[in-house]
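Everything on this sheet refers to the single structure shown next.
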Amino acid sequence: AQSVTQLDSHVSVSEGTPVLLRCNYSSSYSPSLFWYVQHPNKGLQLLLKYTSAATLVKGINGFEAEFKKSETSFHLTKPSAHMSDAAEYFCVVSESGGSYIPTFGRGTSLIVHP
Amino acid sequence: DGGITQSPKYLFRKEGQNVTLSCEQNLNHDAMYWYRQDPGQGLRLIYYSQIVNDFQKGDIAEGYSVSREKKESFPLTVTSAQKNPTAFYLCASSIDGGGRSYEQYFGPGTRLTVT
């Protein structure tokens, strides 16, 4: 069985400061992990994905995430927040070899202050 | 440009009426999905389809129905049996990896309001 927990429902940062959005997962198989971003009243857009290659994954708009198997984590980071980063972020897990239907976290709302 | 289209963007219906939401993709993806999104609850899977003429119930299928007569199209009908239909509905598609997971591509969503 697979599950994903986003540890913060809201994260508030100032423009220009680092961003950390936390995600823990559980999986019985080799997991694939994704981060998506959703701006208000829009669909979701893929930020980055981990599929058992390099553990440090770089995505679009300066975001990156590190897969840590020992900690079952896949936290999303960005060195310097921009106002346009304000959005909802979803961590997603699916199991290669399992049902591979994705399971979504409940989302983290990123608020960026000027 | 390849992508997923959903129509309409906003939809208003009276209680007791069935309504059908459109989802079309030109990505040549085998797998398609319907999600419901409510504030603070993330995305919940309604139905998914891995191949034409076949589909599976997700976590919250009650009160919904789908069809998959063409690879490109996966319409969702919200029936009068759905007790709380007001929500934001998202359609997605992906390569069906036969056991391997691929990223999903999402449409822009349809906001349904039932009064």
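The values are calculated or read from the model by the stated rules, or taken from the named source; none is laboratory data. Because the structure is predicted, anything quoted here is derived from the model rather than measured. Note that we place each Cβ from the backbone using ideal geometry, even for glycine, and neighbour counts take in every protein chain shown. All accessible areas refer to the heavy atoms of the entire protein, side chains included, with ligands and DNA or RNA removed. Shrake-Rupley method; radii C 1.70, N 1.55, O 1.52, S 1.80 Å.
For segment A:1-44, applying the loop criterion from DSSP together with a ceiling of 16 other beta carbons within 10 Å to the chymotrypsin sites (Phe, Trp or Tyr not before Pro) yields A:Tyr29.
Across A:Thr51, B:Thr5, the residue with the most accessible area heads the list, and the full order at a 1.4 Å probe is B:Thr5, A:Thr51. Between amide H atoms placed 1.01 Å from N, distances below 5 Å from B:Leu21 occur with B:Leu76, B:Thr77, B:Val78, all of them 5 or more places distant or on a separate chain. Relative to the globular-protein estimate of 2.2 N^0.38 Å, the Cα radius of gyration of the protein assembly as shown stands at 1.01. Distance from the Cα centroid of segment A:1-66 to that of segment B:1-74 is 24 Å (rounded to whole angstrom). Anyone know which of A:Gly43, A:Gly16, A:Gly59 comes out most mobile in the 10 Å Cα GNM of chain A? Ranking A:Gly43, A:Gly16, A:Gly59 by mean-square fluctuation puts A:Gly43 first.
Normalised by the number of residues in segment A:21-90, the mean separation of alpha-carbon contacts (under 8 Å, six or more apart) gives a relative contact order of 35 percent. Expressed as a whole percent, the accessible surface of segment B:1-49 that belongs to carbon and sulfur atoms is 44, based on a 1.4 Å probe. Taking the protein assembly as shown as the region of interest, the number of lysine pairs whose Cα atoms are within less than 14 Å, with members eight or more places apart or on different chains, is 5. The relative contact order of segment B:58-115 comes to 28 percent, based on Cα pairs under 8 Å that sit 6 or more residues apart. First check a/c for segment B:29-115, with a ≥ b ≥ c the square roots of the eigenvalues of its C-alpha gyration tensor; if it is under 1.5, answer rounded, and if not, answer prolate when a/b is larger than b/c or oblate otherwise. Taking the square roots of the gyration eigenvalues as a ≥ b ≥ c, segment B:29-115 is prolate.
Looking at segment A:6-111, the GluC sites (Glu not before Pro) that sit in a DSSP loop and have at most 14 other Cβ atoms within 10 Å of their own Cβ are A:Glu15, A:Glu71.
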